[in-house]
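Trainee: Okay, handing you the structure first.
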Amino acid sequence: MTTRDFLGKENYNISSETVSESCPSNIALIKYWGKYKDQIPANPSISYTLNHCKTNTTIEFLANEVFSVQTFLSGNEEVKFAEKIEKYFKNIEQYLPWILKGKYIIKTENTFPHSSGIASSASGFGAIAKCMMKLDETFSGKDSDEVSLQKASFLARLGSGSACRSLYSGLVVWGESDEVEGSSDLFAVKYSDDEIHSVFKDFNDWVLLIHEGVKSVSSTVGHGLMNTNPYAERRFQEARENFVPMKEILKSGDMKAFIKLVEHEALTLHAMMMMSDPAFILMKKGTLEVINKIWDFRRETELPLFFTLDAGANVHLLFPNDGSEEKIKTFIENELLQHTQKNGVVKDVMSF
């Protein structure tokens, strides 16, 4: 599908409505880092969608009032976020022509702590996009279908790139790749469950809260730094190439190869930031201590505990439910929690 396929039509019967939706966050395995105009990714990415870390959003739409947006996060009004959503709605008007014909009161809350290394922009814009499609379906009289889900992913992308992946469960791909049929730069697609070994279908993601404050650099700025990074083009090519082994790994169940590729992707993202201008080191002392302990633990036990990182200091601990998880959980609680700020950990799973 092309951008033209998502353009809106004017034949709507507009009324005041209230809708609610929920959307989970996700964690990328092959990382999206760098983008072009209109939130087009510089390389394809694949992510796990989380089960419990979600954003719950209610939107009250007051038709035929002067366009404005009020936002409340966990009951507190957020003026800056409202300004961001106003800009977003104006940006997607061509796809939802009714969108500026009323007032919005948006109430949202996350099931996970702020600044936790879990992508609230992904779950947040995913939930908003789902709400907007529910309103669109109400006004147009059309039932929800697969095209509507694709359009929600398309609209979520325009708010936050990685948000488009949160519209689907399981493993999800965003960005055109020869290795994934139907993949697109415009929206995400669900990776076929039939092509995934059972060992990868029931996984844990425990997020160690190494640093709970605001990140030293926003993701938006981080993506922008790739425009002048001398290693950017090679990084984009590597990410495309990594889909070849990833496809085989997912099908065969090769856990050792999976661990190696996922950790390499995480460290590459941070290497790109260290080689940008200006340079940023996003890890903290605790991040490095945790990584080294994970490597030592894996060498000593051969148990499948490994990590990935987002653009921050917190560590996503990944491990399957394959019979070894209780030993891994004990190790995490006894040896790794001490490196967090306040014994902070968010426990989630990816099962499908």
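Every number in this text was worked out from the coordinates using simple rules, so none of it is lab data. None of these values were measured; they are calculated from a predicted model. Note that we place each Cβ from the backbone using ideal geometry, even for glycine, and neighbour counts take in every protein chain shown.
Trainee: Compute the signed sum of charges (Lys and Arg +1, Asp and Glu -1) over the other residues within less than 13 Å, Cβ to Cβ, of Asp348.
Mentor: 0
Trainee: Can you give me the Rg/Rh ratio for region 3-194, using Cα atoms for both radii and the Kirkwood formula for Rh?
Mentor: 0.95
Trainee: Of all the stretches in the chain, which is the longest one without any exposed loop site, taking trypsin sites (Lys or Arg not before Pro) in a DSSP loop (any state but H, G, I, E, B) with at most 10 other Cβ atoms within 10 Å?
Mentor: Answer - 10-341.
Trainee: Expressed as a rounded percentage, what relative contact order does region 102-254 have, with Cα pairs under 8 Å and six or more residues apart? Mind dumping the intermediate values first?
Mentor: On the way: 147 pairs, mean separation 31.2, N = 153.
Reported as a whole number, the value is 20 percent.
Trainee: Same structure, new question: What Kirkwood radius, in Å to one decimal, follows from the Cα pairs of region 158-230?
Mentor: That comes to 15.2 Å for region 158-230.
Trainee: In the structure shown, do any of Lys31/Lys134; Lys54/Lys80; Lys256/Lys329 have a Cα-Cα gap over 26 Å, and if so which?
Mentor: Pairs exceeding the cut-off: Lys31/Lys134.
Trainee: Taking H as built 1.01 Å from N, whose amide H comes closer than 5 Å to the amide H of Gly253, not counting residues under 5 places away?
Mentor: His197
Trainee: Quick one: which residues, 5+ away or cross-chain, put their amide H under 5 Å from the amide H of Val345? H built at 1.01 Å from N.
Mentor: Amide H to amide H, under 5 Å and 5 or more residues apart or across chains, Val345 pairs with Leu209.
Trainee: So for the chain, averaging the separation of alpha carbon pairs under 8 Å that are six or more residues apart and normalising by length, what relative contact order in percent results?
Mentor: Once divided by the residue count of the chain, the mean separation gives 21 percent.
Trainee: Taking Cα pairs under 8 Å and at least six residues apart, what relative contact order does region 201-351 come out at, in percent?
Mentor: Relative contact order comes out at 46 percent.
Trainee: Let me see the pair-distance distribution of the chain: every alpha carbon pair, 10 Å bin width, integer percents in order.
Mentor: All Cα pairs, binned at 10 Å, distribute as 5, 25, 33, 24, 10, 2, 0 percent.
Trainee: Nothing charged except the Cβ atoms of Lys and Arg (+1) and of Asp and Glu (-1): what's the magnitude of the dipole of the chain about its Cα centre? Round to the nearest 20 debye.
Mentor: Working: 38 positive and 48 negative charges, 160 e Å.
It works out to roughly 780 debye.
Trainee: Going highest first, how would you order 121-127, 191-197 by mean Cβ packing within 10 Å?
Mentor: Per-residue Cβ counts within 10 Å, averaged per peptide and sorted highest first, yield 121-127, 191-197.
Trainee: Place a label point 7 angstrom from the Cα of Asp277 along the Cα-to-Cβ direction, then list the residues of region 31-47 whose backbone nitrogen is under 20 Å away.
Mentor: 34-35
Trainee: Here is a follow-up. Report, in listed order, any pair from Lys87/Lys190; Lys90/Lys251; Lys190/Lys293 with a Cα-Cα distance greater than 31 Å.
Mentor: Table pairs above 31 Å Cα-Cα are Lys90/Lys251; Lys190/Lys293.
Trainee: Quick one: which residues, 5 or more positions from Leu50 or on another chain, have an amide H under 5 Å from its amide H? H modelled 1.01 Å from N in the peptide plane, none for Pro or chain starts.
Mentor: Amide H neighbours of Leu50: Ser25, Asn26, Ile27.
Trainee: Something else now. Using only Cα atoms, find the angle between the long axis of helix 232-252 and the longest principal axis of the chain, and express it within 0 to 90 degrees, rounded to the nearest 10.
Mentor: Between the helix axis and the principal axis of the chain, the angle is about 80 degrees.
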